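Taking it in order: structure first as structure tokens, then the write-up.
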Amino acid sequence: MAQTTADQKQTAANGYEIAHSKSAVFYDEYERKAELKHQTHYCPGCGHGVAHKLIAETIEDLGLQDKTILVSPVGCSVFAYYYFDVGNVQVAHGRAPAAATGLKRACPDKIVIAYQGDGDLAAIGTAEIIHAANRGENITVFFINNAIYGMTGGQMAPTTLVGQKSTTSPWGRRPINEGFPLHMAELLSSLEAPVYIERVALSDNKNIMRARRAVRKAIEIQRDGGGFSFVEILSPCPTIWGKDPVDARKWVAETMIPAFPLNVFRDRKIEMPTNNAPPHKTIAELVAGEVQAKPDSASPKHHHHFQELNIKIAGFGGQGVLLLGQLLAEMGMREGLEVSWLPSYGPEMRSGSAHCHVCLSKRRIGSPLVSRPQVLIAMNEISLRKFAPEVEPGGIILYARDRLPEDFPACQAQILCIPASEIADRIGSAKVANVVVVGALLEETDCLSAATAIQVLEAKVKNPTLLELDRKALAEGQAYIDHTIAVGAVTQADGFAQ
Ligand SMILES: Cc1ncc(C[n+]2csc(CCOP(=O)(O)OP(=O)(O)O)c2C)c(N)n1
Ligand code: SF4
């Protein structure tokens, strides 16, 4: 336990002076079970408790409590978030290094710690740990190796020793059948990027002090932007090993350490080559090349009559369905809206069904999934039949045919038929049918400006002949709605006023 400083010393009710107290990084009370507020869920003598203490005290000593995010695994330590008063995320089995990667990249100023058992890290999560280490993510991973699956009752782990009995190796692990134990510290040391890799053990006080130093060093490296740090902690599991806490510690010292030698396998600074580092650009810039994330004076000004417009576009692969969605999303981006584009398509490159979801919004978008579109663009009959029932009452369906199927049921949405392929054919290429539909959509709903559509097409279409066709297609789509669709058919001249 952390030693309190002189001015923190208190006198307990019974007159004793409190010389040690729980780290401030631990909650005062563990709320998992009301009746057990002051004890953890770990078995007596379990190494997880000791490892937690070393980590909590280090976080406290380094003054990092407000900056730390702990990623807890699936395993006995799944409830780590009941103890650590830091940012907590509990993730799917084995995925802690992947989640930690995302957290660290999104919040580079935070200290992100992945905490994992050997089943979690070295079995189901083998891929995640290897790739996070290989990428040299600036995260810290604490790997609790107790040579067994604790939580699930003692199945063999990748780290189970040769000859060690488990419920799934009742005769003892035999390399001929189950292979040899995985040595994760050594394995990760074969990679270029990791900066610090050490194996320590919770076998006796001396080794626990060594473990404390390793924990501290690993977190300091991350704090200083050093790179990937990894500490393997050999840890007793008295319950599953069928030993009392003292014998379990002895077993770590006498049996585990010879099989998993304690060592600093890697301790160096590395400079990541930067000559091929990607340029620092916003996502909008990366997605759209020269597009600016925020509208500037060069972007067309457009009054959006909606807070949020959700569009579904569906048809066959090859009809430009996904591209149509991208065009709308990019137009929205240029006009300063929040946008999302979510494609969904089958395995076939052509003729399979394809659809995409597009959200245009003045607010941040919660989910890119559009299950109740206000606008459906159906490029074929199957899509019309499949998705029309999803359209919100009062919404619009643009159907890329000259008329509805005769047996098509009445629908609460406004349906506009536009023979997009025929129009596209007439002006020179069936390929631009999707742009005809964009023209129709803009004319009908006024959701985005036609000038932005031209800008996006000019940026995207490098072939001058095709660009000219696209311009025509856009104008034809607009004109069709203007001249051919009966006046009065449009019930919402303003699109989706709110
Ligand atoms: C996808 C999935 N597969 C399997 C399990 C079952 N499971 C839960 S914990 C665990 C292994 C726990 O062992 P370890 O990571 O060594 O942690 P310990 O409990 O020993 O601390 C397994 C296989 C699960 N929860 N989810
Ligand atoms: S089963 Fe083992 S690892 Fe799990 S809490 Fe008990 S002693 Fe610890």
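Shown here for the range 349-439: trypsin sites (Lys or Arg not before Pro) in loop regions (DSSP other than H, G, I, E, B) with at most 11 other Cβ atoms within 10 Å, namely 350, 363, 364, 403. With both residues required to sit in the range 17-122, DSSP beta bridges show an antiparallel share near 10%.
Taking each pair of distinct Cα atoms in the range 63-124 once, what is the resulting Kirkwood hydrodynamic radius in Å? Working shown, then result.
Working: mean 1/r = 0.0868 Å⁻¹.
Evaluated over the range 63-124, this radius sits at 11.5 Å.
When DSSP beta bridges are restricted to pairs lying wholly in the chain, around 40% turn out antiparallel. In summary, the lysines within cross-link reach of residue 250, defined as a Cα separation below 28 angstrom excluding same-chain residues under 8 places away, comprise 22, 53, 165, 206, 217. Using a probe of 1.4 Å on the protein chains alone, the accessible area found for residue 50 is around 40 Å². Accessible surface calculations at 1.4 Å, restricted to protein heavy atoms, place the range 41-85 at 32 Å² per residue. Put a plus charge on the Cβ of each Lys and Arg, a minus charge on the Cβ of each Asp and Glu, and nothing anywhere else: the dipole of the chain about its Cα centre is then about 1340 debye. Measuring how big the chain is from its alpha-carbon positions, Rg and Dmax come out at 30.8, 97 Å.
Quickly estimate the mean residue ellipticity at 222 nm for the chain, helices only: each DSSP H run with n ≥ 4 gives -39500 (n - 2.57), and the total goes over all residues, rounded to 500.
On the way: 15 runs with 151 residues, N = 498.
Taken over the chain, the calculation gives -9000 deg cm²/dmol.
Think of the chain as having a plus end and a minus end, set by charges on the Cβ of Lys, Arg, Asp and Glu; of 316, 373, 86, 86 sits farthest toward the positive end of this dipole. Counting only protein heavy atoms and using a 1.4 Å probe, the accessible area of residue 137 comes to about 10 Å². Helix 450-460 axis versus longest C-alpha principal axis of the chain: approximately 60°, rounded to the nearest ten. The loop-placed GluC sites (Glu not before Pro) in the range 374-409, going by DSSP, that have at most 10 neighbouring Cβ atoms within 10 Å of their Cβ come out as 406.
For the pair residue 209 and residue 458, what calculated FRET efficiency results from E = 1/(1 + (r/R0)^6), where r is the Cβ-Cβ distance and R0 = 51 Å, to the nearest 0.05? Let's see the in-between values first.
Working: r = 67 Å, r/R0 = 1.31.
Working from the Cβ atoms, E equals 0.15.
For the range 396-472, what class follows from the C-alpha gyration tensor (a ≥ b ≥ c being the square roots of its eigenvalues): rounded when a/c is under 1.5, otherwise prolate if a/b is larger than b/c, else oblate? It is oblate, given that a/c is not under 1.5 and a/b is not larger than b/c. When 183, 48, 355, 38 are compared by accessible area at a 1.4 angstrom probe, the order from most to least is 38, 183, 355, 48. Within the shell defined by Cβ-Cβ distances under 15 Å, the residues around residue 384 carry a net charge of 0, with Lys and Arg each +1 and Asp and Glu each -1.
What does DSSP give for the range 134-243 in terms of the percent of beta bridges that are antiparallel, rounded to the nearest 5? Display every interim value, and only then the final one.
Working: 1 of 14 bridges.
About 5 percent, rounded to the nearest 5.
Taking amide H atoms as placed 1.01 Å from N in the peptide plane, the amide H of residue 88 lies under 5 Å from those of 70, each 5 or more residues away in sequence or on another chain.
Suppose the chain between residue 17 and residue 190 were pulled fully straight at 0.36 nm per residue; how much longer would it get relative to their current alpha carbon spacing?
Working: separation 173, 0.36 × 173 = 62.28 nm, distance 5.04 nm.
Length gained, residue 17 through residue 190: 57.2 nm.
Would you please give the FRET efficiency between residue 254 and residue 90, computed as 1/(1 + (r/R0)^6) with r the Cβ-Cβ distance and R0 = 30 Å, to the nearest 0.05? Here the calculated transfer efficiency is 0.30.
For chymotrypsin sites (Phe, Trp or Tyr not before Pro), the sites in the range 129-226 that DSSP calls loop and that have at most 11 other Cβ atoms within 10 Å are 171. Straight-distance candidates among the lysines for linking to residue 460, with alpha-carbon spacing under 17 Å and chain neighbours fewer than 8 residues away dropped: 431, 472.
Can you work out the FRET efficiency for the pair residue 134 and residue 34, with r the C-beta to C-beta distance and R0 = 56 Å, to the nearest 0.05?
The calculated FRET efficiency here is 0.80.
The values are calculated or read from the model by the stated rules, or taken from the named source; none is laboratory data. Values in this document were obtained by computation on a predicted structure and should not be read as measured data. Ideal geometry is used to build each Cβ from the backbone, glycine not excepted, and the neighbour counts take in all protein chains shown. Surface areas here come from the heavy atoms of the whole protein model, side chains and all, with no ligands, DNA or RNA. Shrake-Rupley method; radii C 1.70, N 1.55, O 1.52, S 1.80 Å.
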